[in-house]
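Notes follow once the structure below has been shown.
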Amino acid sequence: MLPEVERFNKWLRRKSPRASTHIHYTNDLEIFLRWQEKHPNEINVRDVDAFIEHCQQSGHAMSTINRRLAAVRCFYHFLTFELDVPPANPVIPKRHFIRLGRHLPRDAEDADVERLFAVIASPRDRAMFVLMLRCGLRVGEVRNLSMSDLYLQPSGGSLPRLWLHGKGSSERVAYLSLQALAALQRWLEVRLSCGDEAVFLNRFGQRLTVTGIQLCLAAYCHKAGIWITCHQLRHTFGRHLVEAHVPVTSIQRLMGHVRLRTTELYMHVSDQQIQADYEAAMAEIVKGFLSEGGQPCT
């Protein structure tokens with residue numbers, strides 16, 4: 001690893017000590033520099049053009065390419081503070097970043113969720129994934145959860161809640177349903193006391209990593225014969241809120257979305273009014289078609 005990249009990694013870690021940005025950005029930057037086989041001072045905009053073309057030909061997702069470009073651009077931004085004569089930033093947003101269309105959140109089928117939890121016996125793992133499904137926690141928020149973030153016996157009639165450290169080092173509160181509270185308490189009853197304040201520990205008594213949690217879920221999915229990601233559990237929480245007719249502004253707060261338009265995407269996934277309108281329209285169309293002597297399609 002180049003000395004500049006090491007300092008970049010430490011700079012990111014100082015800026016966001018709870019986030020995993022320093023891990024992902026450093027990894028993306030090293031991929032970029034290894035492919036270029038040039039010193040950062042020698043890289044120009046055409047080198048970035050060639051890297052994008054290489055990534056596209058390799059079948060990488062557009063979001064992955066944009067994240068790598070963001071890492072490279074951030075690195076050169078860091079160099080402006082680090083060096084007396086920094087190199088020009090070779091990543092030009094209007095030239096390089098790929099436009100992404102609007103993507104709806106992909107939730108999990110309720111039947112698949114039931115199959116998943118049917119094979120999870122571990123109190124720790126069950127608690128982790130119930131928090132994603134019933135409280136909308138991101139995998140990073142589960143990983144960052146510490147014992148001091150738990151408010152399980154609040155006073156004044158308030159709901160039990162968690163103090164979360166989310167994206168961009170932002171904080172938010174998540175309320176616990178009876179199911180989530182019960183799952184979390186079952187885990188805390190058997191959790192070993194150790195020096196680490198993390199709620200969810202690995203077999204060495206240390207805080208789990210994001211990758212460790214994702215691999216744990218993948219193993220359960222393989223056992224159940226399905227495929228669900230951590231974020232799909234969170235998306236399913238959002239869908240369930242929409243189906244329960246929760247106001248969109250409340251869903252925004254519960255999901256921890258900065259922008260309301262992000263929350264509104266969930267309305268497209270499960271809009272019961274549109275579904276009812278569609279069913280009524282199809283019934284009228286089929287009725288009119290049959291009254292004219294037509295035959296229903298099979």
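Against the conditions (1) at pLDDT 95 or above; (2) of a type outside the set (Gly, Ala, Ser); (3) farther than 17 Å from residue 143 by Cα, residue 240 satisfies every one except (1). Considering only residues that are at positive phi and either in a strand (DSSP E or B) or touching a helix residue (DSSP H, G or I) at 6+ places or on another chain (Cβ under 6 Å) (or both), which ones fall in segment 120-179? Scanning segment 120-179 gives a single hit, 136.
Residues in segment 1-57 that are free of Cβ contacts under 8 Å to residues at least 24 places away in the same chain, of a type in the set (Lys, Arg) and farther than 22 Å from residue 84 by Cα: 3 in all.
Determine, yes or no, whether residue 102 is of a type outside the set (A, V, I, L, M, F, W, C) and in a helix (DSSP H, G or I). No: the conditions fail for residue 102. Residues considered: 199, 142, 210, 242. Of these, the only one that is surrounded by 17 or more Cβ atoms within 10 Å (Cβ to Cβ), more than 25 Å from residue 20 (Cβ to Cβ) and within 23 Å of the chain's Cα centre (by Cα) is 242.
On inspection, residue 65 fails the criterion of being of a type in the set (Val, Ile, Thr), in a helix (DSSP H, G or I) and under 27 Å from residue 171 (Cβ atoms).
Just checking, does segment 188-207 include any residue being within 30 Å of residue 261 (Cα to Cα) and either not aromatic (Phe, Trp, Tyr) or not in a loop (DSSP other than H, G, I, E, B) (or both)? Within segment 188-207, none of the residues are within 30 Å of residue 261 (Cα to Cα) and either not aromatic (Phe, Trp, Tyr) or not in a loop (DSSP other than H, G, I, E, B) (or both). Scanning segment 268-278 for residues that are part of a helix (DSSP H, G or I) and surrounded by 15 or more Cβ atoms within 10 Å (Cβ to Cβ) yields a single hit, 269. In the set (1) farther than 19 Å from residue 135 by Cβ; (2) polar (S, T, N, Q); (3) modelled with pLDDT under 90, the condition left unmet by residue 202 is number (3).
The number of residues in segment 114-173 that are in contact (Cβ under 8 Å) with a residue 40 or more places away in the chain and either aliphatic (A, V, I, L, M) or not assigned by TED's automatic domain parsing to the domain that holds residue 222 (or both) comes to 17.
For segment 48-81, a tally of residues being exposed (fewer than 13 other Cβ atoms within 10 Å of the Cβ), of a type in the set (Ser, Thr, Tyr) and at pLDDT 95 or above returns 0. Of all residues in segment 84-111, those that are closer than 23 Å to residue 64 by Cα and within 22 Å of the chain's Cα centre (by Cα) total 12.
Tallying residues that are surrounded by fewer than 21 Cβ atoms within 10 Å (Cβ to Cβ) and not in a helix (DSSP H, G or I) within segment 214-239 yields 4.
The values are calculated or read from the model by the stated rules, or taken from the named source; none is laboratory data. Since the structure is predicted, the reported quantities are computational estimates derived from the model, not experimental observations. Please note: Cβ atoms are built from the backbone with ideal geometry, for glycine as well, and neighbour counts cover all protein chains shown.
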